[in-house]
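Undergrad: To start, I am sharing the structure in question, which I have written as structure tokens.
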Amino acid sequence: MRTGRFRAAVVAVATALLTITGATMASAAPVEDAVFQPAADTPITALVTKLTHAQAASRFSAAGISWTSSGGCSDRYNSTCTSFEQINLTTVQGAETLKRATGCALTITGGTETGHASGTYSHWNGYKLDFRLTTCLTNYVKGTFTSIGGSKWKSASGNVYYLESNHWDVTYYNCGGC
């Protein structure tokens with residue numbers, strides 16, 4: 001009984017609003033979701049939270065994670081810089097999780113700057129970080145995660161650690177259990 005009265009009240013209010021604005025049910029625009037707006041002709045995807053360089057740098061500093069840049073800069077459009085502009089929040093959280101889990105000194109050597117390989121889960125798109133090679137980090141990754149071949153290890157959460165010639169290239173699909 002209450003549900004019926006509630007529905008009737010909602011319909012009455014909606015009708016009154018349409019009358020006041022001069023709109024009709026046919027002309028009323030659909031309400032858009034500010035968080036999730038898939039295009040009509042594309043697959044449904046979730047939006048990710050992007051951070052500025054300053055926001056990410058602040059979080060890294062607070063977590064005890066350092067970074068270096070061969071060019072001494074943070075310009076996203078300069079390949080000798082290390083930038084965090086447009087990095088995914090989950091990537092930053094993943095690095096924070098890695099720091100807590102390992103207790104290792106972590107130094108980021110690559111972020112979202114130009115010059116890395118392209119692709120959906122790329123540095124440019126905010127999914128990847130490069131870390132300086134250290135014995136501590138290497139021992140942790142190889143001793144804790146599952147080898148999936150090709151110098152790659154996968155964490156239990158699904159993030160992938162790729163041992164390149166002079167650094168760890170890490171793809172963060174999620175925050176690593178934050």
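What follows draws every value from the coordinates through simple rules; no lab data is involved. Just so you know, these numbers come straight off a predicted model, no measurement behind them. When we count neighbours, we look across all protein chains shown, and the Cβ atoms used for this are built from the backbone with ideal geometry, even at glycine.
Undergrad: What's the ranking of 161-174, 104-117 by average number of surrounding C-beta atoms within 10 Å, highest first?
TA: Ranking, from highest mean packing down: 104-117, 161-174.
Undergrad: Please report, in whole Å³, the volume per residue of the convex hull around the C-alpha atoms of the range 66-178.
TA: So the per-residue hull volume is 94 Å³.
Undergrad: Please list, by residue number, everything in the range 160-178 whose backbone N is under 16 Å from a paramagnetic label point 7 Å out along Cα→Cβ of LYS142.
TA: 161-169
Undergrad: What number, in percent, do you get for the relative contact order of the range 89-178 if the mean sequence gap of Cα pairs under 8 Å and at least 6 apart is divided by its residue count?
TA: Normalised by residue count, the contact order of the range 89-178 is 33 percent.
Undergrad: Show the residues, 5+ positions off or on another chain, whose built amide H is closer than 5 Å to the amide H of LEU133.
TA: It is TRP168, by chain and number.
Undergrad: Can you list the lysines whose alpha carbon is less than 16 Å from that of LYS128, not counting same-chain residues fewer than 8 positions off?
TA: Straight-distance partners of LYS128: LYS50, LYS99, LYS152, LYS154.
Undergrad: Right, here's the next one. Ranked from highest to lowest mean number of other Cβ atoms within 10 Å per residue, what is the order of the peptides 120-127, 135-142?
TA: 120-127, 135-142
Undergrad: How many angstrom lie between the C-alpha centres of the range 124-154 and the range 64-120?
TA: Rounded to whole Å, the Cα centres lie 14 Å apart.
Undergrad: How do the peptides 74-85, 146-157 rank, highest first, by the average count of neighbouring beta carbon atoms within 10 Å per residue?
TA: Taking the mean over residues of other Cβ atoms within 10 Å, the ranking is 74-85, 146-157.
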